[in-house]
Amino acid sequence: MPDQTNQDAVKSENQRRKVMLLTGASRGIGHATVKRFASAGWRIIACSREPVPENCPWGGREDHVQVDLSDAADTLRAIEDIRARLEDGKLDALVNNAAISPKGEGGARLNATATEFDVWQKVFQVNFFAPILLARGLIEPLRKVRGSIVNVTSIAGSRVHPFAGAAYSTSKAALAALTRELASDFGPVGVRVNSISPGEINTSILSPGTEKIVETLPMKRLGTPDEVAKAIYFLVTEASSYVTGAELHINGGQHV
């Protein structure tokens, strides 16, 4: 006879509401990701520098963590706050989406020599070191449910981009390499780590001149935030249960 206790435990786990931690949730890809996961019944804990909006439709203060990811000490403080909010000590997904891409005067691209050192430090703290701290600090809640991490990189991490600055591009290249390293480190405890690499996505932060890039794309159009969100959802569900250490390109063929 099957063990009834084990059956009950499996049933309880299947009925448990899944939990995702998302950085950079307020707009663009992050906002679309919140909508995609919320529609599937997930609880989303969102991180941002700002307090939770009074009219936020995705959850109250218990599902919002105010944190400055450019400050390592504040990020570590927030990790303890996040762990305390996990009622059963379990986290199904960590999505590292927050990133900054400073511009020069008039929105000009900042190349390697024009970028001040303090700007390099801030970009890498948000885009690269914060994901490391979050992954390390939340490994135990992820391990408990054999969860997943998705890092949001960029097509700018693999080539010189006409608009993305040098600090942003190199931080995204580093994040892609980190994805492979974490996949190797976390795989033995059942946690999968992958990344998505978006190209030109139709968000409010597109730079003037993007239409010229679109003309060169095989698919001849911008991607949508929802298309990126669906890829993130794929990477944290059972549909991708044997995928880890991968970088999924979402760019309409821009990389070919």
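When THR216, THR113, THR237, THR153 are ordered from fewest to most other Cβ atoms inside 10 Å of their Cβ, what list results? Mind dumping the intermediate values first?
Values: THR216 9, THR113 6, THR237 14, THR153 27.
Starting with the residue having the fewest Cβ neighbours, the order is THR113, THR216, THR237, THR153.
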* Asked: For labels at ALA177 and GLU87 in the simple 7 Å Cα→Cβ model, what's the distance in nm?
  -> 4.2
* Using θ = phi - 60° and the Karplus curve 6.51 cos²θ - 1.76 cosθ + 1.60, what whole-Hz ³J(HN,Hα) does each residue of the stretch 163-168 get, with Gly and Pro shown as x? -> 10, 6, x, 5, 5, 4
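Counting other beta carbons within 10 Å of each Cβ, put TYR242, TYR233 in order, fewest first. Before the final figure, lay out the partial values.
Details: TYR242 6, TYR233 21.
The most exposed by this proxy come first: TYR242, TYR233.
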* Asked: How many angstrom separate the Cα center of the stretch 163-193 from the Cα center of the stretch 206-256?
  -> 17
* Structure fact -> Comparing GLN125, GLN66, GLN15 in a Gaussian network model of the chain (Cα, 10 Å), the one with the largest mean-square fluctuation is GLN15
* Asked: Once a ≥ b ≥ c are taken as the square roots of the eigenvalues of the Cα gyration tensor of the stretch 94-225, is the result rounded (a/c under 1.5), prolate (a/b larger than b/c) or oblate (a/b not larger than b/c)?
  -> oblate
* Structure fact -> Listed with the fewest Cβ neighbours within 10 Å leading, ARG109, ARG85 appear as ARG85, ARG109
* To do: Sequence neighbours fewer than 8 away in the same chain don't count; with that in mind, list the lysines whose C-alpha is under 19 Å from LYS122.
  => LYS103, LYS172
* Can you tell which of THR115, THR179, THR75 shows the greatest fluctuation in a Gaussian network model of the chain with Cα springs below 10 Å? -> THR115
* Fully extended contour minus Cα-Cα distance, from LEU133 to ALA246, at 0.36 nm per residue -> 38.6 nm
* Around LEU21, which amide H atoms from residues at least 5 apart in sequence, or from another chain, sit under 5 Å from its own amide H, with H modelled in the peptide plane? -> ILE45, ALA93, LEU94, VAL95
* **Whole-Hz ³J(HN,Hα) from phi, Karplus 6.51 cos²θ - 1.76 cosθ + 1.60, for the stretch 100-112, glycine and proline x** => 10, 9, x, 10, x, 4, x, x, 5, 5, 9, 7, 5
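The numbers here are math on the coordinates, done by the rules we state, and not lab data. Keep in mind that what you see is a predicted model, and the values were worked out from it rather than measured. Backbone-built Cβ (ideal geometry, glycine too); neighbour counts: all protein chains shown.
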